[in-house]
1. Name the long-range amide H neighbours of Lys123: under 5 Å, sequence gap of 5 or more, or other chain; modelled H, no Pro or chain starts.
2. Can you list the HN-Hα couplings for the stretch 103-116, worked out from phi with the Karplus curve (6.51, -1.76, 1.60; θ = phi - 60°), rounded to whole Hz and with x for Gly and Pro?
3. Based on the mean of other Cβ atoms within 10 Å per residue, sort peptides 42-55, 12-25 so the most packed one is first.
4. Show the residues, 5+ positions off or on another chain, whose built amide H is closer than 5 Å to the amide H of Ser61.
5. HN-Hα J couplings of the stretch 82-92 from phi, Karplus 6.51/-1.76/1.60, θ = phi - 60°, integer Hz, Gly and Pro as x?
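Coordinate-derived values only; no laboratory data. Being a predicted model, the structure only gives us computed values, none of them experimental. With ideal geometry, Cβ positions are generated from the backbone for all residues, glycine too; neighbour counts draw on all protein chains shown.
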Amino acid sequence: GSGIVLGQSAPSMAAFAKARVAAAKIFLIIDHKPSVNRNSETGLELESVLGQVEIKNVDFSYPSRPDVLILNNFSLSVPSGKTIALVGSSGSGKSTVVSLIERFYDPTSGQVLLDGNDIKTLKQFHFQ
């Protein structure tokens with residue numbers, strides 16, 4: 001009787017425990033408050049934007065994995081009007097560089113500049 005039913009439910013309990021841990025991780029991500037306020041009205045408003053982008057000595061780790069360094073002392077200069085390609089293997093930081101330029105994240109250290117201005121000091125609409 002009941003011994004068989006209990007034995008059959010053990011694998012389901014293990015799956016339930018895994019699902020519960022996964023759900024907890026998902027809720028941590030959902031509840032995370034971003035470090036960049038995308039709706040902020042404060043900051044410097046540039047009269048005109050030439051479009052020179054410079055990344056200076058940037059270190060970056062995602063908030064969800066602060067122990068994993070994605071960019072280490074990364075620098076890049078893109079003159080106004082120029083097109084570049086970011087090439088690298090999967091997980092090498094290409095999308096991260098774009099996310100920093102668009103200010104979805106702020107670097108752990110270093111600067112991202114637009115026309116010589118640290119993007120942390122600019123109004124958010126410049127990146128939307």
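1. When sequence neighbours closer than 5 places are left aside, the close amide H contacts are Leu44, Glu45, Leu46.
2. Running phi through 6.51 cos²θ - 1.76 cosθ + 1.60 with θ = phi - 60° gives 6, 6, 9, 9, x, 5, 8, x, 9, 10, 10, 10, 6, x Hz.
3. Descending mean neighbour count gives 42-55, 12-25.
4. Hits under the 5 Å cutoff: Ile70, Thr108.
5. 9, 10, 10, 10, 9, 10, x, 6, 4, x, 8
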